[in-house]
Structure formats: C-alpha cells, structure tokens
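The values are calculated or read from the model by the stated rules, or taken from the named source; none is laboratory data. Quick caveat, the model's predicted, so the values are computed rather than measured. Here the Cβ positions follow ideal geometry from the backbone for every residue, glycine too, while neighbour counts run over all protein chains shown.
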Amino acid sequence: MKYILMSLTYLLVNINMSFSQNYQDIVFLKNGEVVKGIITEQVINQHILIRTEIGSLVKYDLEEIQKIEKLINKDKLKGEPININKIPFVGYYYNQKHIHLTPRLLKIAVISNPEAYKYAKKARKYNNWRIGTFGLTSYCLIYGISHYNNYLKVPREAVIIGAVSSILTIKFNINRKTNAKKAVDIYNNDLKANINSKNFPEFNIGLTNSSISLVMNF
C-alpha cells in the first residue's frame, strides 16, 4: 500500500509539472504572504504541497491558507484546439490542454476569433442568468416547505414563482449549451482551416524573356 501511495504521489507531481506551462497556482496565506507555483498534492481539509517558482517543495496546512487562485497562461493556449467530450444527461465538457473551460475561461480561449467570441459571451451571459433563476427556484422550494401546513397546501406565490423560475432555468441552460457549442465549433473549424491553408503549397510562376519557372512555397 505504501508503494502504491508513493507511485500515485509521483504521478501527480509529474502530471502537475507537465501542466505548469499552462497555469500557475497562487496561494494567499493568512499572514499576508503570497506563494506562486504548482500544487502537487492537495489533501481535503488537511494540507497542500506546492512546488514554488524556485523549485522548492513547501507544505501548508489548511489553517494557514486564506484562498487559492489559478492563473491561466492565456498565451500558451492561443492556437490550441478545444477538446469536446459529451457527458450523457449533462451535456458537453470542454477542455484545452488539460484545462477545463468554464464559461469564463471559454471566452478567454476563443478571444482570437471574433465570431466564436460572440457566442462565448452569450454562453456566459445565459450561464449567469441560469445560476440566478436556479437560486430563485431553490429559495421558493425552501420557502414553500417552511410554510407548508397540515392541509397539504403550499403558498401560491411560492408555487408560481418557483414554476416560472424553473422554466427559465431550463431555457437559459439550453441557450448556454447551444451558444457554447457554437463557439467551440466555430473556433475549432477556423483553426483547422488555418492549419490546412498553411500546409497547402503556394505556387508562383516566374516569366523571363527566355524561360518559365514554377516555384512551390511550403
């Protein structure tokens, strides 16, 4: 068992270091110190191990940490295709160079393509609306349960508002998925077209008084 745990830890370290060119973890400590590097181990409710920028491995207990942020290296993601994975009953899962693309990160990933960026912005907008209406639905459910009486009646306002917000949540979620998929498809297709055009040879014909030359540029 000990050797299995050591192997898993080694694997995690190597995986995190291979992704280090794509992002950086920033740990904010309660004493005001800021540590930058790559988190190689994270034990829930206990501690983290972070390999700092100078290469040292440091352990911090959860009580010492105020918050952890992840800084995405946008320049490293430029020109990289977006992978699409379909999850049954959930929808599409997008990632780019092993980084999961949330609606916010999707906007960053496709920013070089104006058409794809337009749909990515819509996807994030609908996602924010979806979160809002879902919260309202949850509130109405809690309110209805708390005001439930012995006559099996739930306050009418809770039923009406809850029903409307539920319908809006479903609609916004569908629009979010549709626009995100369009953004990714447009981005990937344009990226593929640019790669193919670069690989296609360019023909130039040169004419002189006594000869004709054909030049292919790759």
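See the values below:
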quantity	calculated
Of all residues making up segment 45-67, the number that are out of contact with any Asp or Glu (no Cβ under 8 Å at 6 or more places or on another chain), over 14 Å from Glu33 (Cβ atoms) and among the aliphatic types (A, V, I, L, M)	3
In segment 22-67, the residues that are surrounded by 12 or more Cβ atoms within 10 Å (Cβ to Cβ), over 29 Å from Ile108 (Cα atoms) and touching a helix residue (DSSP H, G or I) at 6+ places or on another chain (Cβ under 7 Å)	His47
Lone unmet requirement of (1) at pLDDT below 90; (2) surrounded by fewer than 17 Cβ atoms within 10 Å (Cβ to Cβ) for Ala158	(2)
Residue in segment 141-153 that is at pLDDT 85 or above, surrounded by 13 or more Cβ atoms within 10 Å (Cβ to Cβ) and not aliphatic (A, V, I, L, M) present	no
Lone unmet requirement of (1) of a type in the set (Gly, Ala, Ser); (2) touching a strand residue (DSSP E or B) at 6+ places or on another chain (Cβ under 7 Å); (3) modelled with pLDDT of 80 or more; (4) not assigned by TED's automatic domain parsing to the domain that holds Val184 for Ala109	(4)
